[in-house]
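Worksheet: the structure to be examined is printed underneath.
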């Protein structure tokens with residue numbers, strides 16, 4: 001089978017297309033999946049560079065999220081059979097025509113939902129859903145300010161918060177992205193600049209946001225904290241800007257703000273203790289809900305562009321340009337039904 005392989009940590013130019021054997025037979029709680037499409041994310045480049053939280057042993061195949069069909073299942077697997085359409089989270093390995101995975105982070109794609117529409121759900125939408133509900137206990141009627149609202153986790157948070165009954169304000173870098181967020185359920189949209197707090201307060205009658213979702217970090221976080229309502233919750237889920245935010249502790253104090261760090265990786269096996277089996281029942285319920293909303297078109301997970309397996313560099317370039325709405329993906333092998 002064809003696969004992208006990283007022989008050493010470095011740049012995307014160090015990733016080569018190779019031919020290698022298909023995965024061995026799955027263990028009792030494993031499945032083998034034929035990959036149709038695989039997501040490309042900011043974490044992809046970090047993992048190739050050896051700078052991500054998880055550092056795979058060399059050589060390795062990148063790719064942490066994929067959609068396709070089951071090829072074979074282990075003896076203890078009861079949720080799937082060969083031929084089932086599934087979407088999955090992996091430690092790595094998805095930029096290959098087949099990948100072997102623990103069953104715990106593999107999810108059924110509902111009938112009527114196209115494979116490519118299911119692809120962004122497990123990581124981007126799973127992160128946003130669990131952060132909003134599990135960490136911030138979002139309530140209907142609250143105001144949610146979403147930073148980085150034009151792509152990935154940010155756009156997912158806009159859709160999900162609106163679906164849950166929140167009043168959503170989207171913060172995105174271009175008018176095109178702000179318009180897209182408004183089309184996905186945001187009630188207002190603002191630019192990521194020094195006027196952010198004033199604009200948010202103007203949209204909320206001077207009150208500010210009850211929850212601030214931050215996948216960006218950097219200087220923008222400082223602007224956003226000033227847009228927080230009293231007793232607001234701040235949800236830090238990533239640093240797409242590449243810069244860690246500086247938190248003004250005086251504002252945390254005088255406004256009674258709560259800062260929540262949220263590492264979704266804990267629930268999907270991306271920690272040394274590997275807790276994915278423990279959290280699998282709860283996450284499977286989450287995925288059933290979100291994938292059902294996608295099937296029913298209550299949310300619209302979007303892959304804005306796909307690239308051939310040979311064009312990982314172009315896919316990462318598009319992502320880093322910040323012109324992407326939604327996600328980008330590699331086409332691995334679309335005809336995957338065994």
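Within region 213-240, count every residue that is surrounded by 19 or more Cβ atoms within 10 Å (Cβ to Cβ) and assigned to a loop (DSSP other than H, G, I, E, B). Steps first, answer last, please.
Filtering region 213-240 for residues surrounded by 19 or more Cβ atoms within 10 Å (Cβ to Cβ) gives 213-217, 220-221, 223-225, 227-229, 232-238, 240.
If we keep only those that are assigned to a loop (DSSP other than H, G, I, E, B) too, we end up with 215-217, 227, 237-238, 240.
Total meeting the criteria: 7.
Might you check whether a residue that is under 14 Å from residue 144 (Cα atoms), over 23 Å from the mean Cα position of the chain (by Cα) and without any contact (Cβ under 8 Å) to a residue 60 or more places away in the chain occurs anywhere in region 235-243?
The answer is no, given that none of the residues of region 235-243 is under 14 Å from residue 144 (Cα atoms), over 23 Å from the mean Cα position of the chain (by Cα) and without any contact (Cβ under 8 Å) to a residue 60 or more places away in the chain.
In this structure, does residue 272 turn out to be modelled with pLDDT under 95, out of contact with any helix residue (DSSP H, G or I) (no Cβ under 8 Å at 6 or more places or on another chain) and either surrounded by fewer than 15 Cβ atoms within 10 Å (Cβ to Cβ) or part of a helix (DSSP H, G or I) (or both)? First the steps, then the outcome.
On the way: modelled with pLDDT under 95: yes; out of contact with any helix residue (DSSP H, G or I) (no Cβ under 8 Å at 6 or more places or on another chain): yes; either surrounded by fewer than 15 Cβ atoms within 10 Å (Cβ to Cβ) or part of a helix (DSSP H, G or I) (or both): yes.
Criteria met by residue 272.
Given the structure, is residue 154 in a loop (DSSP other than H, G, I, E, B), touching a residue at least 24 places away in the same chain (Cβ under 8 Å), within 19 Å of the chain's Cα centre (by Cα) and within 19 Å of residue 302 (Cβ to Cβ)? Steps first, answer last, please.
Working: in a loop (DSSP other than H, G, I, E, B): no; touching a residue at least 24 places away in the same chain (Cβ under 8 Å): yes; within 19 Å of the chain's Cα centre (by Cα): yes; within 19 Å of residue 302 (Cβ to Cβ): yes.
Answer is no for this residue.
Looking at region 76-91, is at least one residue buried (at least 18 other Cβ atoms within 10 Å of the Cβ), in contact (Cβ under 8 Å) with a residue 12 or more places away in the chain, touching a helix residue (DSSP H, G or I) at 6+ places or on another chain (Cβ under 6 Å) and assigned to a loop (DSSP other than H, G, I, E, B)?
yes
Are any of the residues in region 318-327 farther than 20 Å from residue 146 by Cα, at pLDDT 85 or above, touching a helix residue (DSSP H, G or I) at 6+ places or on another chain (Cβ under 7 Å) and not in a helix (DSSP H, G or I)?
no
Here is a list of conditions, (1) within 26 Å of residue 118 (Cβ to Cβ); (2) touching a strand residue (DSSP E or B) at 6+ places or on another chain (Cβ under 8 Å); (3) assigned to a loop (DSSP other than H, G, I, E, B), and residue 165 meets all of them except one; can you say which number that is?
Residue 165 satisfies all of (1) within 26 Å of residue 118 (Cβ to Cβ); (2) touching a strand residue (DSSP E or B) at 6+ places or on another chain (Cβ under 8 Å); (3) assigned to a loop (DSSP other than H, G, I, E, B) except (2).
The values are calculated or read from the model by the stated rules, or taken from the named source; none is laboratory data. This is a predicted model, so every value here is computed, not measured. Here Cβ is always computed from backbone atoms with ideal geometry, including for glycine, and neighbour counts include all displayed protein chains.
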